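Visitor: My questions will all concern the structure given below.
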Amino acid sequence: MTCPHCGAVMTPLIAIYGASPKRAVCSECKKTVRTFITFTDILLLVAVALILLSFFLTASCQGSDVKLVAIIPERFSVAYGGADIDVAFAVAVLEEGGYLLGGNTFSTGAGGQDCLLIKLDDEGGVIWQVTYGGEGTDNIQSLLETPDGEFIVAGYTESFGVGEFDCWVLKLDPDGNIIWQKTYGGSAIEYGKAIRNTSDGGLVLLVNTGSFGAGTHDIWVIKLTHDGDITWQKTYGSTAVENSYTIEETLDGGFVIAGNVNNLNSENMSDTCVIKLASDGRLEWSRKYGGPADDNAYAVTPLANGGYLVAGHTRSFGAGAFDVWVLQLDSIGDIVWQRSYGGGSNDFAFSLYEREDGGLMVGGSSSSFGAGEFDLWILSLNPDGDIEWQETFGGPLDDSGKSYSIRPTGDGGIVVPGRTASYGAGDYDAWLIKIPPHPSSDPFGAVTTATVTDTSVTWTEAMFQEIDTSATVSETFVTTIESNLTRTDVLN
């Protein structure tokens, strides 16, 4: 090396960790020269650089505040179960991150079948898991997070209430502890199917009822405060048998419902039905959509253009025994477009939502495609109903996406609950998968090739009656039981 002061040649020095000096004196100009950086210095610099890099990758600064940002996995597939049957029907994406998964369990709890609720982190890891129930059959069908960070779960119970089955609603704190719990019902059978937050700060509850209405089985809507008190309650139906599975608040503050009407004819066929309500429960219109065979709807979502998207299945049209059926309606229920999607066997849709770009996500099950008896099936559609991508997820046995909620995640991904017999600890395990928004570029599942068919159904007036009801509301006194279901990472 050369002296930087006089240019004289100096003898190079080799530094070893923690040993040699860092400076030398030039023999010509007698000035002190730094001759090398020790290995210790290099380690220190590398460590500082890694710390700074980690900080900037995981932190965002706002003024003097620092907010840590978790790295969220773009995909996972996790089963939760015990030795018996455990099923997930609903999932909520939580404001603080993570998920709330609900369904039922035979593996743990107080009775034969209990409500199952699991709070998860962003990777599907269990934060806590609990059951609620008595000696009979108890089930969660729907759940949500309230604006104040608490939880509402809704379903049905055989263990409590005044009838054979009553609708059951519980409000919980963020740790799963019960704030209040109530049943709503009459002398016969009531199944709670969906519950939603409403823009006025309350709740709307959708129930199938055998105790009230115009026929043997009607659609029942109960408007609640966030304390579970009834604001209004009405049934909608005819002398036939009506069932419903989903309710959503509309852009005008009213509600839209999707379900089916069993026509009680000699062939016992059913038609899809869609009902539009005002904010006070007044019936605005009700329509039926169907062909010569069974046609059912399980999901509806209001669109940004004021219309509605309806999804279910059809046996009247398509390529197989049952095909997924999707209809876009305008604001008064007229059909904009209608299509079926399927293969040679049975294909069903149970949930859907509209993406921010106007496209559509549809979740369901398929026995036409995939690796097993039934596989969870997801279709991505553009606003006109054309397929963007389609995939199944599952193993050699029955792996069903028969859930009433497919949800977008904060990072643009998709989560879908269901049940799996191919993976996990028991007969069936509750199942949750998360996938990125465009998985076909790096498939996590199996790409499918559904046949798309334009269908030709016309609508008819459903002629439903609107009837005020008088439910019996009963407080229940169940206690929370911690569960210990096994978490299993599933490799697809």
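Coordinate-derived values only; no laboratory data. The shown structure was predicted, so the numbers you read here are calculated from the model rather than taken from an experiment. Reconstructed Cβ throughout: ideal geometry from the backbone, glycine too, with neighbour counts over all protein chains shown.
Visitor: Taking θ = phi - 60°, what integer Hz values does the Karplus form 6.51 cos²θ - 1.76 cosθ + 1.60 yield along region 427-432, in sequence order, with x for Gly and Pro?
Guide: For region 427-432, the Karplus-derived couplings read 4, 10, 10, 4, 9, 9 Hz, x marking Gly and Pro.
Visitor: Further, regarding this structure: Mind checking the full-extension length gain between D330 and E388? Use 0.36 nm per residue of separation minus the Cα-Cα distance, one decimal, nm.
Guide: Working: separation 58, 0.36 × 58 = 20.88 nm, distance 2.28 nm.
In short, 18.6 nm is gained.
Visitor: For a quick protection proxy, order the peptides 346-353, 237-244, 450-457 by their average other-Cβ count within 10 Å, most packed first.
Guide: On the way: 346-353: 25.1, 237-244: 22.2, 450-457: 16.5.
Highest to lowest by the protection proxy: 346-353, 237-244, 450-457.
Visitor: Please check which bits of region 116-147 a label hung off E475 would reach, taking the label as a point 7 Å along Cα-to-C-beta and the cut-off as backbone N under 19 Å.
Guide: 133-134, by backbone N distance to the label point.
Visitor: If r is the Cβ-Cβ distance from A293 to D454 and R0 is 25 Å, what FRET efficiency results, to the nearest 0.05? Working shown, then result.
Guide: Details: r = 17 Å, r/R0 = 0.70.
FRET efficiency, A293 to D454: 0.90.
Visitor: What nm distance separates the two modelled labels at I230 and A446, each placed 7 Å from Cα along Cα→Cβ?
Guide: Simple spin-label model gives 4.9 nm for this pair.
Visitor: Using a simple spin-label model with points 7 Å from Cα along the Cα→Cβ vector, what separation in nm is obtained for D357 and E461?
Guide: If labels sit at D357 and E461, their model points lie 4.3 nm apart.
Visitor: Length gain on complete extension for the stretch I71 to S345, per 0.36 nm per residue less the alpha carbon to alpha carbon distance?
Guide: Working: separation 274, 0.36 × 274 = 98.64 nm, distance 4.02 nm.
Extending this stretch completely gives an extra 94.6 nm.
Visitor: Here's a follow-up. Which order do M269, M361, M463 fall in if you start with the one that has the fewest other Cβ atoms within 10 Å?
Guide: Working: M269 18, M361 21, M463 10.
Fewest-to-most ranking of M269, M361, M463: M463, M269, M361.
Visitor: How many angstrom lie between the C-alpha centres of region 340-401 and region 467-481?
Guide: Between the Cα centre of region 340-401 and that of region 467-481, the gap is 36 Å.
Visitor: Between region 418-440 and region 130-152, what is the C-alpha centre distance in whole Å?
Guide: Between the Cα centre of region 418-440 and that of region 130-152, the gap is 21 Å.
Visitor: Further question on the same structure: Between region 205-249 and region 269-300, what is the separation of their alpha carbon centroids in Å?
Guide: The two parts, judged by their Cα centres, are 13 Å apart.
Visitor: Provide the per-residue ³J(HN,Hα) series for region 337-352, in order, calculated from phi with Karplus coefficients 6.51, -1.76, 1.60 and θ = phi - 60°, each as a whole number of Hz, with x at glycine and proline positions.
Guide: 8, 8, 8, 10, 9, x, x, x, 10, 10, 9, 10, 10, 10, 7, 6
Visitor: Moving on to the next point. May I ask you to evaluate 6.51 cos²θ - 1.76 cosθ + 1.60, the Karplus curve with θ = phi - 60°, for each residue of region 324-330 and list the ³J(HN,Hα) values in order in whole Hz, giving x for glycine and proline?
Guide: Running phi through 6.51 cos²θ - 1.76 cosθ + 1.60 with θ = phi - 60° gives 4, 10, 10, 10, 9, 10, 8 Hz.
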